[in-house]
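Structure, as structure tokens:
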């Protein structure tokens, strides 16, 4: 399973017509494993799936996959806002 492309993230996670985006562990998991059922905990930057529906996908994402996607989505938002502010001068 491939994470959202930049275009998919911007399209699916934009809140109404504002310039704000949904962002967090929910959007990360939605991107990595759409429609999955899970419970997750985080401690010290390590993510642990505590419950996973075994009938979905090839299994839960690793802690590293979750962290990488979180950072990627954060970077997308920061870049979008930076370029938007440059265009609006």
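Only a single criterion out of (1) touching a strand residue (DSSP E or B) at 6+ places or on another chain (Cβ under 8 Å); (2) farther than 30 Å from residue 88 by Cα; (3) surrounded by 15 or more Cβ atoms within 10 Å (Cβ to Cβ) is not satisfied by residue 13, namely (2). Just one of the numbered conditions (1) at pLDDT 85 or above; (2) farther than 30 Å from residue 83 by Cβ; (3) out of contact with any helix residue (DSSP H, G or I) (no Cβ under 7 Å at 6 or more places or on another chain) is not true of residue 55: (1).
Taking residue 42 as the residue in question, decide whether it is touching a residue at least 12 places away in the same chain (Cβ under 8 Å) and not in a strand (DSSP E or B).
On the way: touching a residue at least 12 places away in the same chain (Cβ under 8 Å): yes; not in a strand (DSSP E or B): no.
No: the conditions fail for residue 42.
Taking residues in segment 61-75 that are over 19 Å from residue 21 (Cβ atoms), and partners anywhere that are part of a helix (DSSP H, G or I) and at pLDDT below 95, the pairs with Cβ atoms closer than 7 Å and at least 6 places apart or on different chains are 61/32; 65/32.
Set side by side, the residues 23, 47 differ, and just one is farther than 28 Å from residue 83 by Cβ and either surrounded by 14 or more Cβ atoms within 10 Å (Cβ to Cβ) or in contact (Cβ under 8 Å) with a residue 60 or more places away in the chain (or both), which is 47. Checking each residue of segment 27-38 against the condition of being part of a strand (DSSP E or B) and surrounded by 11 or more Cβ atoms within 10 Å (Cβ to Cβ) gives at least one match. The residue that is modelled with the lowest pLDDT, counting only those in segment 71-89 that are more than 19 Å from residue 7 (Cβ to Cβ) and assigned to a helix (DSSP H, G or I), is 88.
Residue count for segment 1-25, restricted to those that are closer than 24 Å to residue 41 by Cα, touching a helix residue (DSSP H, G or I) at 6+ places or on another chain (Cβ under 7 Å) and at pLDDT below 80: 1.
The values are calculated or read from the model by the stated rules, or taken from the named source; none is laboratory data. As the structure is a prediction and not an experimental result, all values here were calculated from the model. Please note: Cβ atoms are built from the backbone with ideal geometry, for glycine as well, and neighbour counts cover all protein chains shown.
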